[in-house]
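Peer 1: Take a look at the following structure, please.
The values are calculated or read from the model by the stated rules, or taken from the named source; none is laboratory data. Remember, it's a predicted structure, so these values are computed and weren't measured experimentally. In this analysis, Cβ positions are derived from the backbone assuming ideal geometry, glycine residues included, and neighbour counts consider all displayed protein chains.
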Amino acid sequence: MNKKERFLAAVQRKTPDIVPVSPLIHNRFAYRTLGEIGWKPVFELHQRIGSIHFRGPLGVGISETLPEDIGVQAVFHEDLSYKDQVVEQQGSRVVSERIMTTPEGTLRGKWVRGFNPSDPTIGVCIDPLIKTPEDWRIFDAYWKEWLANKKEYNLTDVTEAFHVMGNEGVPSVGLGCVFAHLGEVRTMPRLLIDLYRCPDIIKDVSRTMGFVIEEHVRAFLQSPSEILYYDICWATGADLSPKLFEEFVEPDIRQVVKMVKEHGKKYVGFYTLGRIRRHLPLLIDTGADFIETFEPNQGDISLKEAKETYGNKVCLMGNFNSLILSFGSGEDAKKETQRCLNEGMEGGGYVLVTGDEVPADAKIENLKMMVKTVEKYGKY
C-alpha cells in the first residue's frame, strides 16, 4: 500500500499494512526549519521525514459577489466591509487592525504577530473585535448580509496540493468551529462570561456563523480533497460542562458531519485538545470518522483506554508527546513511538499523530525516528 492508501484505510477503521505516521507539522516548524510557511514547505518536511502530510495550513477560499441589480441594498453595501490593515511595524513585530463596518456600527480589534523573533508565526489578540455584548449584534449583521450574497469558491490551493502530493499526502481542508470563531473575536475568557451573561445573543450569533461554516463545507465538498478536519480544540480546551457543550457546540459539529456524510465519498473528523473524556460519547455519536489528538499532557483519557472503549467506532489519531521531539533523545522518541503503537495500533483504525502541533524547535532526527520505529514495529 502507498501512504495515502494506508491513511484512508485507517480512517475507515480498516487495517493497512503498516500504521500511518503523520506528525502535526504546521507553519511554526516549517518556518524555523525552512524559513517558509504554507502547505508546500510543510509537505516538503513530511517528504524529508518519510511521514504523510495530513493536517497543515490548507483551506478553501470564499468570496462574495453582489447581484447585478442590488437595488435598495446599494446603500448597505457602501457601508459594509471587513478588512485588516497594518498599523504598526517594528522589526518582526507587526500590529494589524481589523475593522468591521456595517450600517449598524463599526467594530475594531488589534492583533500582534512577530513579537517573538525566534518564532514569528505566532500571534495574539491585544484588543478584541467584540468588546461588549452589544457588539455581537453588529458582528451578526455583517455575516447575515454576507450570507445573502452569491458566493464564489476558490479551490486553487487545495486542487494544486491534491495533484502535487499524489499518493504521498492527504491534502485535507481545515476549518475552525463556530465556537473558535467567536472566541477569536471576543477572547475566550470573555466569551465564557457571555455564555452566562447573554446566552440568547450567543445562540443567535452561533446560528448565523453556523450558516457561514456551511458555505465553507460546501466549498470543501466541491474540492478534490478527501478529508475535512474540523478544529474544535477551542471548545474542548475551554473545558465546557457537558450542558454548555451540548448547547453551544453540538448543533454546529453535528451539522458539519451530516453534510460531509451525506456526500458519501469524503471523510470528516475532529481535532481536539484538553480534557475530552466526557465529550467523547457525543463526538462519536455525530458519526465522525476520526478523532485526534488525545493530548498526553493536558488530556484526561489515555490512548489505551480510548482504543479499548471506542476503537471499534472511530479512527483514533494521537497521542505522541510533542515535547519529546524538542527535549528528548532519539531513544526517547523511539520509546514514545513504541508506547503509542502498543496502545493504539491493534486491529487497525489508528494513525500515529503527535498530541499537539510539532514545536518550532523540534529535532528533525526525532521525527525521522518516529517513522523508522513504525517501519520496524508498526507492521500488521
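Peer 1: Got a sec? Which of E357, E295, E336 is closer than 24 Å to V249 by Cα, among the charged types (D, E, K, R) and crowded, with 22+ Cβ neighbours inside 10 Å?
Peer 2: Details: E357 fails: crowded, with 22+ Cβ neighbours inside 10 Å; E336 fails: closer than 24 Å to V249 by Cα.
Going through E357, E295, E336 in turn, the sole match is E295.
Peer 1: Quick one: how many residues across the stretch 215-241 are assigned to a helix (DSSP H, G or I) and surrounded by fewer than 15 Cβ atoms within 10 Å (Cβ to Cβ)? Steps first, please.
Peer 2: Going through the stretch 215-241, the residues assigned to a helix (DSSP H, G or I) turn out to be 215-222, 233-237.
Next, only the ones that are surrounded by fewer than 15 Cβ atoms within 10 Å (Cβ to Cβ) stay: 222.
Of the residues in that region, 1 qualify.
Peer 1: Considering each of G318, G299, G330 in turn, give the residue that is touching a Gly at 6+ places or on another chain (Cβ under 6 Å) and of a type in the set (G, A, S). Give the derivation first.
Peer 2: On the way: G299 fails: touching a Gly at 6+ places or on another chain (Cβ under 6 Å); G330 fails: touching a Gly at 6+ places or on another chain (Cβ under 6 Å).
Selected residue: G318, the only one of G318, G299, G330 that is touching a Gly at 6+ places or on another chain (Cβ under 6 Å) and of a type in the set (G, A, S).
Peer 1: Within the set of pairs 6+ apart or on separate chains, which have a first residue in the stretch 176-197 that is within 25 Å of G269 (Cα to Cα) and touching a residue at least 12 places away in the same chain (Cβ under 8 Å), a second that is of a type in the set (S, T, Y) and part of a helix (DSSP H, G or I), and C-beta atoms under 8 Å apart?
Peer 2: Listed by first residue and then by second, the contacts come to V178/S206; F179/S206; L182/S206.
Peer 1: Still on this structure: Of P117, P103, P133, which residue is surrounded by fewer than 16 Cβ atoms within 10 Å (Cβ to Cβ) and under 17 Å from S81 (Cβ atoms)?
Peer 2: Values: P117 fails: under 17 Å from S81 (Cβ atoms); P133 fails: under 17 Å from S81 (Cβ atoms).
Just one listed residue meets the conditions, P103.
Peer 1: From the set of residues in the stretch 26-51 that are in a loop (DSSP other than H, G, I, E, B) and in contact with a Pro (Cβ under 9 Å, 6 or more places away or on another chain), which is nearest to N342 (Cα to Cα)? Reasoning before the result, please.
Peer 2: In the first step, residues of the stretch 26-51 are kept if they are in a loop (DSSP other than H, G, I, E, B); the result is 26, 35-38, 50-51.
With the extra rule that they be in contact with a Pro (Cβ under 9 Å, 6 or more places away or on another chain), the set shrinks to 26, 35, 37-38, 51.
Details: H26: 27, G35: 36, I37: 34, G38: 33, S51: 19 Å.
Residue satisfying both the conditions and the ranking: S51.
Peer 1: Could you list, in sequence order, all residues of the stretch 176-197 that are touching a helix residue (DSSP H, G or I) at 6+ places or on another chain (Cβ under 8 Å) and of a type in the set (K, R)?
Peer 2: Across the stretch 176-197, the qualifying residue is only R186.
Peer 1: Does the stretch 36-95 hold any residues that are basic (K, R) and modelled with pLDDT of 95 or more, and which are they? Write out each step before concluding.
Peer 2: In the first step, residues of the stretch 36-95 are kept if they are basic (K, R); the result is 40, 48, 55, 83, 93.
If the condition is that a residue be basic (K, R) and modelled with pLDDT of 95 or more, then K40, R48 are the ones that fit.
Peer 1: Just to verify a result, which residue in the stretch 139-182, among those that are among the β-branched types (V, I, T) and surrounded by fewer than 19 Cβ atoms within 10 Å (Cβ to Cβ), is nearest to R98 (Cα to Cα)?
Peer 2: Start the filter on the stretch 139-182 by keeping residues that are among the β-branched types (V, I, T), which leaves 156, 158-159, 164, 170, 173, 178.
Now narrow it down to the ones that are surrounded by fewer than 19 Cβ atoms within 10 Å (Cβ to Cβ): 156, 159, 164.
On the way: T156: 26, T159: 29, V164: 34 Å.
Ranking the qualifying residues of the stretch 139-182, first place goes to T156.
Peer 1: Continuing with the same structure: If F320 satisfies all but one of (1) over 30 Å from P120 (Cα atoms); (2) surrounded by 16 or more Cβ atoms within 10 Å (Cβ to Cβ); (3) of a type in the set (F, W, Y); (4) touching a residue at least 40 places away in the same chain (Cβ under 8 Å), what's the number of the condition it fails?
Peer 2: (1)
Peer 1: On the given criteria, is I130 within 22 Å of G109 (Cα to Cα) and without any contact (Cβ under 8 Å) to a residue 12 or more places away in the chain?
Peer 2: Values: within 22 Å of G109 (Cα to Cα): yes; without any contact (Cβ under 8 Å) to a residue 12 or more places away in the chain: no.
The answer is no for I130.
Peer 1: Restricting to the stretch 1-23, give me the number of residues that are without any contact (Cβ under 8 Å) to a residue 60 or more places away in the chain and touching a strand residue (DSSP E or B) at 6+ places or on another chain (Cβ under 7 Å).
Peer 2: Filtering the stretch 1-23 for residues without any contact (Cβ under 8 Å) to a residue 60 or more places away in the chain gives 1, 6.
Going one step further and asking which of them are touching a strand residue (DSSP E or B) at 6+ places or on another chain (Cβ under 7 Å), we end up with 6.
Number satisfying all stated conditions: 1.
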